[in-house]
Each structure stands twice: as C-alpha cells, then as structure tokens.
Amino acid sequence: MNGLLKIFLSAMLIENAVLMRFLALCPFIGMSTDVKKSTGMGVAVLFVTVLATAVTYPLYRFVLVPLHLEFLQILTFILVIASLVQLVEFYLKKSAPALYGAMGVYLALITTNCAILAVTFDVITKGYTFVESLVYAVGTAAGFLLALLLLAGIREKIAVAPVPKFLRGAPILFISAALLSMSFGGFSGLIK
C-alpha cells in the first residue's frame, strides 16, 4: 500500500482522534446534534488543522530548531491555531451567518481543540516530511468529521426511537458513543 495512503487511513480510522485517542470530545458531543452542524464543524476543523500543520511544520523546522527555541513550541503552535480560528470565524460570520450562529461557542473552542494541537505535535514526533504531515492532518481531520457525522446520524435516529425513560438524554448518548468507539477498534489490524 502507498505510504501516503497508509498515513491517511491510519490517521482517519486506526488512530481516530476522537474514537481511539479520545481527543476533542467536547465538540464531538456538543456539535453532533445534527448532520448539518457536524458537517460545518468538521469542515472548519479540517481547514484549521491543515493550515495549522502547513504553518507550524516549517516554523518548527526552519525557525525554532535552528534557533534552539524548541521550548516555545506549545506557545507558538497555539498562537498559530488561534489566529487561524479567527480567520475561520470572520469568514463564517460573513459568508454563512446561520452556520456561524449554530456553532456558537464551539467555533471559538476550535482554538483549544486538542486534536488540532496533537496533529501539529504528532507530525514532528513521527518525523514526517511536509507532504506526509499534510496528509496526516487531512486524515485526522477527516476522521474527526467522520466521527461527528456518524454520531450525528445515530443521534437523529435515537431522537425518534422508543428509548427507555432511564436511558434518555446523556446515558444513551454516551452508550452510543462508546459503541461507536468500540467499532473503530476493529480497524486496528487494517494496516501492518
């Protein structure tokens, strides 16, 4: 299997940020109430993740490392991510006000989305090239979007299902998320 395809599938399915690494659980639960919101959040996270990786990778390799300023990695990466989130927020406010309103506080929370920060650290830790880093970022963000859409679809079905009274609300939501997470465990042997 092609190396880039392996990186993409591994990031999306095997090491799914939400379902296997349990990162970004706040937007996963908060934005999966319907498919439209989930899609908007997933696309915004995809955009920010890829751009954050495209900016932080060369910044780390060509500025922080040569100047022996690796200790500023966390601060630098968070500032880059926060700046990109502001750009997304401005864009959505102008071009998609309904989506901007629906995302509410979760849009600002992309800044502290640990999955995005994890991607920027992972590409350095794993020793990926720039292209491999971008593929990994796209795969991780696609996995986040997939997890959101799957849970949103499940929640829409649960809303009309005859759920026992003691399981309604958070209990059935967390049971569904746990079962979804367990199902992604089946991908662990996909790539050797």
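Of all residues in the stretch 14-25, those satisfying the criterion of being surrounded by fewer than 17 Cβ atoms within 10 Å (Cβ to Cβ) and under 17 Å from Ala137 (Cα atoms) are Arg21, Phe22.
Taken over the stretch 40-77, the criterion of being in contact with a helix residue (DSSP H, G or I) (Cβ under 7 Å, 6 or more places away or on another chain) and more than 16 Å from Ala137 (Cβ to Cβ) is satisfied by Gly40, Met41, Leu64, Glu70, Leu72, Gln73, Thr76.
Kindly indicate whether Ala54 is assigned to a helix (DSSP H, G or I), over 28 Å from Ala152 (Cα atoms) and open to solvent by less than 60 Å² (accessible area, probe 1.4 Å). Taking the combined requirement at face value, the residue satisfies it. Taking residues in the stretch 5-31 that are within 13 Å of Ala147 (Cβ to Cβ), and partners anywhere that are open to solvent by 20 Å² or more (accessible area, probe 1.4 Å) and basic (Lys, Arg), the pairs with Cβ atoms closer than 8 Å and at least 6 places apart or on different chains are Glu15/Arg21; Met31/Lys37.
From the list Ala102, Ala115, exactly one residue is touching a residue at least 60 places away in the same chain (Cβ under 8 Å) and buried (at least 20 other Cβ atoms within 10 Å of the Cβ). Which is it? Steps first, please.
On the way: Ala102 fails: buried (at least 20 other Cβ atoms within 10 Å of the Cβ).
After applying the criteria, what remains is Ala115.
The single condition from (1) modelled with pLDDT under 90; (2) of a type in the set (Gly, Ala, Ser); (3) open to solvent by 40 Å² or more (accessible area, probe 1.4 Å) that Ala96 fails is (3).
Only residues that are closer than 16 Å to Gly30 by Cβ and without any contact (Cβ under 8 Å) to a residue 60 or more places away in the chain: list them for the stretch 160-176, please. Those that are closer than 16 Å to Gly30 by Cβ and without any contact (Cβ under 8 Å) to a residue 60 or more places away in the chain: Gly169, Ala170, Phe174, Ser176. Looking only at residues in the stretch 30-51 that are of a type in the set (Ser, Thr, Tyr) and part of a loop (DSSP other than H, G, I, E, B), the one that is nearest to Val85 (Cα to Cα) is Ser32. Looking across the stretch 118-161, the residues that are open to solvent by 60 Å² or more (accessible area, probe 1.4 Å) and assigned to a loop (DSSP other than H, G, I, E, B) come down to Lys126, Thr129. Any residue in the stretch 26-39 that is open to solvent by 70 Å² or more (accessible area, probe 1.4 Å) and not aromatic (Phe, Trp, Tyr)? Yes, some residue in the stretch 26-39 is open to solvent by 70 Å² or more (accessible area, probe 1.4 Å) and not aromatic (Phe, Trp, Tyr). For beta carbons closer than 6 Å, sequence separation of 6+ or different chains, a first residue in the stretch 130-150 that is of a type in the set (D, E, K, R) and a second that is assigned to a helix (DSSP H, G or I), the qualifying pairs are Glu132/Ile7.
Within the span defined as the stretch 63-70, one or more residues are modelled with pLDDT of 95 or more, hydrophobic (A, V, I, L, M, F, W, C), in a helix (DSSP H, G or I) and open to solvent by 20 Å² or more (accessible area, probe 1.4 Å).
The values are calculated or read from the model by the stated rules, or taken from the named source; none is laboratory data. The model shown is predicted, which means the values in this text are computed figures rather than measured ones. With ideal geometry, Cβ positions are generated from the backbone for all residues, glycine too; neighbour counts draw on all protein chains shown. Quick note on the areas: whole protein, heavy atoms, side chains included, nothing else; ligands and nucleic acids left out. Shrake-Rupley method; radii C 1.70, N 1.55, O 1.52, S 1.80 Å.
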